[in-house]
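Beneath this line is the structure, given in structure tokens, with notes to follow.
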Amino acid sequence: MPSEKVIECCRALIAKKLTITFVESASAGKLNYEFSTVIDSGKILIGGMVCYHTSMKEDLLLIPKGTIKKHSAESSIVTQLMAQNFYRFVSSDICVALTGLTTPGGSESPEKPVGTIFVHIIFPDKEIAKRFTFAGKPESIVDQVIDAVSELILEEIK
């Protein structure tokens, strides 16, 4: 069941007739799923893509070779490129990209602990990038960022 934030965000998107797409890594499609469970989501949800592995990011999203090696798959620049490149190929008013660390491993470091999530959102007239650090188990981290994304969209479209 979607959170109140997701429901509120979907209702606002529906009221404003704005469409949305998601390109997800750390959340592995849960953003897309949560938005799909809201009544009338078919009016706004175009769809999305899960690109968990580096090869998907490079081969399908055209992240330049070497970018992930240099910055890591869980970084603001990779998240930005995911959003921008997906947005070019899939028509929607808003595009949300998300990467991050929900479990130990990957590019985890003292500066980038588990719970670090990068979000990049493209709106018709601007782009916003955010870095969050959440605590909890992997599912809790993903749920927290879904609410944070919903809140960011709401702030922007109201």
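Assorted remarks:
- If you plug the beta carbon distance of Glu111 and Arg11 into 1/(1 + (r/R0)^6) with R0 = 41 Å, you get a FRET efficiency near 0.60.
- Packing rank of 16-24, 50-58, where each peptide gets the mean count of other beta carbons within 10 Å, highest leading: 16-24, 50-58
- Under a model in which nothing but the beta-carbon of Lys, Arg (+1) and Asp, Glu (-1) is charged, the chain shows a dipole of about 340 debye around its Cα centre.
- FRET efficiency for the pair Ile157 and Ala135, taken as 1/(1 + (r/R0)^6) with r the Cβ-Cβ distance and R0 = 25 Å, rounds to 0.30.
- The phi torsions of the stretch 10-22, fed into the Karplus equation with coefficients 6.51, -1.76 and 1.60 and a -60° offset, translate into couplings of 4, 4, 5, 5, 4, 4, 8, 6, 9, 8, 9, 10, 10 Hz, rounded to whole numbers, with Gly and Pro shown as x.
- Probe 1.4 Å, protein heavy atoms only - accessible area per residue of the chain in square angstrom: 49
- Sulfur and carbon atoms: percent of accessible area, the stretch 1-96 [1.4 Å]: 56
- Distance from the stretch 11-59 to the stretch 66-140 (C-alpha centre basis), Å: 14
- For the listed peptides 4-10, 91-97, a ranking on the average number of other beta carbons within 10 Å per residue, highest first, reads 91-97, 4-10.
- Over the chain, the ratio between the Cα radius of gyration and 2.2 N^0.38 Å evaluates to 0.97.
- Amide H contacts of Gly48: Phe22, each under 5 Å away and 5 or more positions distant or on a separate chain (H built 1.01 Å from N in the peptide plane; Pro and chain starts excluded).
- Stretch gain in nm, segment Lys69-Phe89, where the contour uses 0.36 nm per residue and the Cα spacing is subtracted: 4.8 nm
The values are calculated or read from the model by the stated rules, or taken from the named source; none is laboratory data. All figures in this text were calculated on a predicted structure; none of them were measured in a lab. Using ideal geometry, Cβ is built from the backbone for each residue, glycine included, and neighbour counts are taken over all protein chains shown. What goes into the accessible areas is simple: the full protein's heavy atoms, side chains included, and nothing from ligands, DNA or RNA. Shrake-Rupley method; radii C 1.70, N 1.55, O 1.52, S 1.80 Å.
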